[in-house]
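The values are calculated or read from the model by the stated rules, or taken from the named source; none is laboratory data. This structure is a prediction, so every number in the text was calculated from the model and none was measured. Cβ: placed from backbone, ideal geometry, glycine included. Neighbour counts: every protein chain shown.
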Amino acid sequence: MVMDILRALFGSGANVVRETAEVFRVNAEAADQRSIETQRAALEQMAGEFRLENRGLFDRIIDGLNRIPRPAMALGTIGLFVAAMVDPLWFGERMAGLALVPEPLWWLLGAIVSFYFGARYQAKGQDFQRSIASTVARAPHVAESIRTLRALNPSSPGVADNGGDADLALTALTPTDNPALAEWRRRG
């Protein structure tokens with residue numbers, strides 16, 4: 001009778017201590033196995049969603065578009081450096097034009113780029129009217145800068161114009177001493 005009572009309390013067999021302990025505490029090995037099975041099922045589901053054969057043309061196009069911005073920004077920045085070296089006047093005109101962009105538009109661009117790349121962006125409270133007024137006030141200066149840059153272009157007519165000054169024209173045409181050239185002629 002005692003054995004029947006003990007069997008009823010502690011189970012009928014295999015591992016009485018383990019079965020009794022599991023009543024009060026979770027079996028760590030079984031819990032780990034359930035966790036692994038749950039994680040494996042989640043990974044299999046995600047892998048099934050992202051298999052190439054399950055993806056349509058739209059998904060592939062969007063993935064391709066998502067890979068464009070970072071390289072485009074990097075190559076564009078390098079392109080700006082190259083443009084500044086190849087044609088400084090063209091580059092100067094473009095940069096002078098950028099000076100006319102209102103400051104709130106730069107903030108908006110910064111926010112878009114910051115959020116796109118996951119960075120945090122803190123908006124600064126600035127007076128919109130003040131920035132517009134300062135932008136409009138800079139417009140004549142920028143226009144004058146563009147005129148000055150265009151005047152520096154060697155293909156512009158009148159760049160070497162002496163303004164009717166005969167002495168200046170004669171001075172420009174009169175050969176002068178060139179010590180390096182004289183030395184070269186002496187050696188030759």
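Worth pointing out:
- Members of the range 41-97 found to be farther than 20 Å from Tyr116 by Cβ and of a type in the set (S, T, N, Q), listed by number: Gln45, Asn54
- Single residue of the range 132-146 satisfying the filter (surrounded by 13 or more Cβ atoms within 10 Å (Cβ to Cβ) and either at pLDDT 70 or above or within 30 Å of Asn66 (Cα to Cα) (or both)) that is nearest to the chain's Cα centre (by Cα): Thr135
- Test: residue in the range 88-100 that is more than 18 Å from the chain's Cα centre (by Cα), aromatic (Phe, Trp, Tyr) and at pLDDT below 75: no
- Candidate set: the range 107-131, residues that are under 30 Å from Leu149 (Cα atoms) and surrounded by 13 or more Cβ atoms within 10 Å (Cβ to Cβ); chosen: the one modelled with the lowest pLDDT: Ser131
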